[in-house]
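Written out below as structure tokens is the structure these notes cover.
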Amino acid sequence: MGLSVGENARRASRRARSVAIVGGGFGGVGAIVMLRRAGYEDVTAFERGARIGGVWHDNTYPGAACDVPSHLYEFSFAPNPHWSRRYAPQAEIQSYLEQVARRHGVLERIRTSTEVTRASWERARGKWILQTSAGPHEADVLITACGQLSVPKLPPLAGLERFAGPAFHTARWRHDVDLSGKRVAVVGTGCSAIQVVPAVQPIVAQLDVYQRSPGWTFPKLDFAYGERSRRAFERFPLLQRVDRAAILAFMELGAAAMTSHRWLLRPFRAIARNQITKAIDDPELRRKVTPGDELGCKRLMLTDEWYPTLTRPNVELIADPIDEVTASGIRTRGGGERPADVLVLATGFKAHGFVAPMEIVGAHGRTLAEQWGPVPRAYLGMSVPGFPNMFLLYGPNTNGGTGSVIYTIEAGMAHVVAALAELERADARSIEVRRQAAEQFDRELRAALNGTVWHTGCTSWYVDEHGNDPNQWPWLWSTYRRRTARIEDGAYGLSGAAAG
């Protein structure tokens with residue numbers, strides 16, 4: 001049987017419609033693959049780095065690894081039975097993403113070393129005009145896949161510029177600097193620090209770790225996959241799918257504990273406290289590393305090595321506030337000056353910059369920054385009124401205390417594909433979330449956030465100084481997948497061509 005006239009027209013429309021993607025990490029690669037599967041071939045992505053990979057291309061510090069089990073930190077359409085460990089190291093994740101890109105025809109659609117500085121909607125033609133470092137580019141649809149944590153945050157330390165030795169952020173690791181036998185100062189005790197500190201401790205002479213406030217940790221229980229296990233995953237794919245489902249179920253339990261069923265935090269809290277007491281005998285060190293806030297209020301960190309490393313004779317945890325950086329070390333309040341040969345800043349990333357540093361101008365001449373004001377908001381974390389044919393991947397309020405960003409990206413792209421299907425069905429030029437739908441979703445989201453663990457009073461990058469939370473998803477991740485799987489009636493408006 002032949003295709004109907006309508007189906008032929010929709011296929012022709014998909015082939016003709018162009019899509020521009022900003023970002024070449026997991027979001028950009030996954031978007032290209034899923035768009036091609038849906039019939040869209042005119043797809044171009046822009047990556048400012050020299051290679052694809054995003055955060056996994058940038059973060060090459062010693063010990064860099066994922067804190068989500070490997071079988072969930074992969075695309076569902078590209079399972080990898082050959083992971084070497086339960087939690088994959090950075091180089092392996094980068095290699096996996098490049099293999100997926102080659103296998104699915106992605107590389108020829110990504111322009112690396114090309115930064116997008118501005119994107120503006122041209123209403124008359126229904127096009128997005130992108131200004132890039134390689135010249136202008138236009139497309140019918142714009143997808144941003146910039147990631148939430150891509151711009152390193154440098155702490156406002158007095159005298160930082162005066163430090164005479166090498167000083168660098170973990171995301172800009174200096175591999176030309178040999179740490180062997182050196183006195184190293186690490187500023188920060190977050191997710192990067194708990195990986196890099198155990199990795200460099202055996203080779204340095206002295207390691208001083210400067211802590212602003214402690215965070216809760218949880219056993220990572222990492223282990224290597226033997227050859228027999230990898231062969232079993234390859235021969236029996238169901239085993240990997242079952243493991244993935246089990247990991248997701250545990251993540252959902254964690255999400256419930258941090259959102260609507262806070263009583264579930266009790267056993268997690270007990271395990272976290274036991275991890276401290278089991279590894280540390282010194283009561284003063286125990287006091288320093290034990291948080292006073294609720295578990296999960298800050299990002300929960302997975303590690304098996306952090307506390308044992310802090311007990312090593314060449315490691316000292318310093319909880320006194322930093323007064324200034326000197327040419328030869330760090331001076332703390334009340335603790336004098338401690339010498340350092342190398343300064344490592346494990347101070348995280350600038351949060352809430354979902355499209356930074358790109359400027360986006362919508363249908364009414366307003367930039368996305370102006371539209372958002374102090375708090376980024378988006379319908380399902382993806383769509384903003386006044387910005388037709390634009391979708392944010394891993395946008396506002398699509399983070400969480402648990403879960404896999406790749407799971408979130410796939411759910412978001414399912415929504416994009418569903419929205420584009422509406423365009424083809426109606427033979428329309430543009431699709432835009434209705435303001436009423438976006439505002440109703442935002443009210444629902446803010447009300448749900450108020451009862452979560454992230455709003456119990458701690459200081460974290462999740463919540464700004466005014467108590468606004470543009471990061472967290474306050475429900476289960478299965479809820480996100482369900483809500484993004486289709487276009488709700490009345491949520492979007494269509495315009496142009498047959499849509500009128």
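The values are calculated or read from the model by the stated rules, or taken from the named source; none is laboratory data. Note that the structure is a prediction, hence the values are computed from the model and not measured. Note: ideal-geometry Cβ built from the backbone for every residue, glycine included; neighbour counts use all protein chains shown. When the accessible area is computed, the model is the full protein with side chains, heavy atoms only, and any ligands, DNA or RNA have been set aside. Shrake-Rupley method; radii C 1.70, N 1.55, O 1.52, S 1.80 Å.
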Going toward the positive end of the dipole of the chain, with +1 on Lys and Arg Cβ and -1 on Asp and Glu Cβ, which of Ser95, Ile129, Leu285 do you reach last?
Ser95
Enter the angle in degrees (range 0 to 90, nearest 10) between the Cα long axis of helix 5-16 and the first principal axis of the Cα atoms of the chain, meaning the one along which they spread out most.
50
State to the nearest 20 debye the size of the charge dipole of the chain about its Cα centre, where the only charges are +1 on K and R beta carbons and -1 on D and E beta carbons.
880
Treating the beta-carbon of each Lys and Arg as +1 and of each Asp and Glu as -1, no other charges, what is the dipole magnitude of region 125-186 about its Cα centre, to the nearest 20 debye?
220
Defining a contact as two alpha carbons under 8 Å apart and six or more residues distant in sequence, what relative contact order in percent does region 390-500 show?
46
Of every hundred units of 1.4 Å-probe accessible area on region 364-458, the number belonging to carbon and sulfur atoms, as a percent, is 45
Accessible surface ranking that places the most exposed of His455, His169 first, with a 1.4 angstrom probe
His455, His169
Taking the full set of protein chains and a 1.4 angstrom probe, give the accessible area of Ile203 in square angstrom, rounded to the nearest 10.
80
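Excluding ligands, DNA and RNA, what is the solvent-accessible area per residue of region 215-361 at a probe of 1.4 Å, expressed in Å²?
On the way: 7440 Å² over 147 residues.
Dividing the accessible area of region 215-361 by its residue count gives 51 Å².
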Semi-axes of the equivalent ellipsoid of region 384-500: what are they in whole Å, largest first, if each equals the square root of 5 times a C-alpha gyration tensor eigenvalue?
30, 15, 11
For the chain, Cys with no neighbouring Cys Cβ under 4.7 Å:
Cys66, Cys146, Cys191
Over region 147-212, what is the mean sequence separation of C-alpha contacts under 8 Å (at least six apart), divided by residue count, expressed as relative contact order in percent?
32
In straight Cα distance, which aspartates and glutamates are under 14 Å from Lys278, not counting same-chain residues fewer than 8 positions off?
Asp304, Glu305
Rank-order 84-95, 190-201, 365-376 by packing density, defined as the average count of other C-beta atoms within 10 Å over each peptide's residues, highest first.
190-201, 84-95, 365-376
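If the chain between Ala158 and Ser84 were fully stretched, how many nm would it gain, using 0.36 nm times the residue separation less the Cα-Cα distance?
Numbers: separation 74, 0.36 × 74 = 26.64 nm, distance 4.28 nm.
Computed gain between Ala158 and Ser84 is 22.4 nm.
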Taking a quarter of the surface of the Cα convex hull of region 91-135, what do you get in nm²?
4.6
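If a/c stays under 1.5 just call it rounded; otherwise compare a/b with b/c (prolate if a/b is bigger, oblate if not). Do that for region 136-251, with a ≥ b ≥ c from the square roots of the Cα gyration tensor eigenvalues.
Details: a/c = 2.22, a/b = 1.38, b/c = 1.61.
It comes out oblate by the Cα gyration axes.
Would you mind getting the accessible area per residue of region 69-210, heavy atoms of the protein chains only, 1.4 Å probe, in Å²?
Working: 5760 Å² over 142 residues.
I get 41 Å² per residue for region 69-210.
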The base-10 log of I(q)/I(0) that the Debye equation returns for the chain at q = 0.10, 0.11 Å⁻¹, one scatterer per C-alpha, is -0.82, -0.99
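Got a number for carbon plus sulfur as a percent of region 98-225's accessible area, 1.4 Å probe? Please report the intermediate quantities before stating the final value.
Working: 2940 of 5690 Å².
With neighbouring chains kept in place, the figure for region 98-225 is 52 percent.
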Sequence-distant or interchain residues sharing an amide H contact under 5 Å with Val186, placed H: which?
Asp208, Val209, Tyr210, Val344
Eligible aspartates and glutamates near Lys127 by straight Cα distance, threshold 20 Å, same-chain separation 8 or greater:
Glu41, Asp42, Glu115, Glu138, Asp140, Glu359, Glu422, Glu424, Asp427, Glu432
Size of the dipole of region 235-378 about the Cα centre, Lys and Arg at +1 and Asp and Glu at -1 on the beta carbon, nothing else charged, in debye to 20?
660
Given contacts defined as C-alpha pairs under 8 Å and at least six residues apart, what's the relative contact order of the chain, whole-number percent?
19
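For a distance above 24 Å, tell me the whole-number percent of Cα pairs in region 209-348 that qualify.
Numbers: 4863 of 9730 pairs.
Pairs farther apart than 24 Å: 50 percent.
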What are the ³J(HN,Hα) values, in whole Hz, obtained from phi via the Karplus relation 6.51 cos²θ - 1.76 cosθ + 1.60 with θ = phi - 60°, for each residue of region 420-433 in sequence order, with x given for Gly and Pro?
5, 5, 5, 4, 5, 4, 8, 6, 9, 9, 9, 10, 9, 5
